[in-house]
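The values are calculated or read from the model by the stated rules, or taken from the named source; none is laboratory data. Quick caveat, the model's predicted, so the values are computed rather than measured. Backbone-built Cβ (ideal geometry, glycine too); neighbour counts: all protein chains shown. Areas reflect the complete protein model, heavy atoms only, side chains present, ligands, DNA and RNA absent. Shrake-Rupley method; radii C 1.70, N 1.55, O 1.52, S 1.80 Å.
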Amino acid sequence: SMISARQYIIIHHSLTEDSKTVSWQAIRRHHKDPNGRYKMRDIGYHFGIEMVNDEPEILVGRSLMWVHAAHCVEMGMNQRGIGICVVGNYDLVEPSPLLWIKLKELIHPLMDIFNIPTKNILGHREVGMMAGFDFRKGQYKTCPGRMFDMDRLRVEIDAERTVK
């Protein structure tokens, strides 16, 4: 089934090298632009998280999680992964504590629905490593950013899941 095909959660940030977009709606326009690079039918991610008036908001991208996305071609992750984009540039700053908490609030139910283990929560750059591209050597994006600690995210999620 399409649901069992979702085995990963892939974390992104919005301000990657190819994009200066700073809001969910701007990203959506950028992805759908018929004259642009992507020409997609909708935003490439399943979900986004953005600070809106000092509050983190979860935003819906591709309307259904079992619709294939367009966020990470390596390792077939457009088919295998749920793409979450954290709006911001985390090469420059760490995600804010509020945003970090909201991201985990989104991830936990997705893990439950799709039976995804913690080890399958990956940053975009980690998928690149799986495919043989080393971001540390400039072969791949740093996404979701050099200041975005994926190991910390997985450790915290594991700890939260063992406390019921």
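Here are a few things to note about the model shown:
- Of all residues making up the stretch 97-131, the number that are over 13 Å from the mean Cα position of the chain (by Cα) and among the polar types (S, T, N, Q): 2
- K39 at pLDDT below 90, of a type in the set (K, R) and surrounded by fewer than 21 Cβ atoms within 10 Å (Cβ to Cβ): yes
- The stretch 9-30, subset of a type outside the set (S, T, N, Q), under 15 Å from C143 (Cβ atoms) and open to solvent by less than 100 Å² (accessible area, probe 1.4 Å), residue modelled with the lowest pLDDT: D18
- Residues that are open to solvent by 20 Å² or more (accessible area, probe 1.4 Å) and under 20 Å from P56 (Cα atoms) do not occur anywhere in the stretch 121-144.
Conditions tested, residue by residue: (1) touching a Cys at 6+ places or on another chain (Cβ under 6 Å); (2) open to solvent by less than 10 Å² (accessible area, probe 1.4 Å); (3) not small (G, A, S).
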{"position": "R62", "(1), (2), (3)": "no, no, yes"}
{"position": "G81", "(1), (2), (3)": "no, yes, no"}
{"position": "V86", "(1), (2), (3)": "no, yes, yes"}
{"position": "S96", "(1), (2), (3)": "no, no, no"}
{"position": "K102", "(1), (2), (3)": "no, no, yes"}
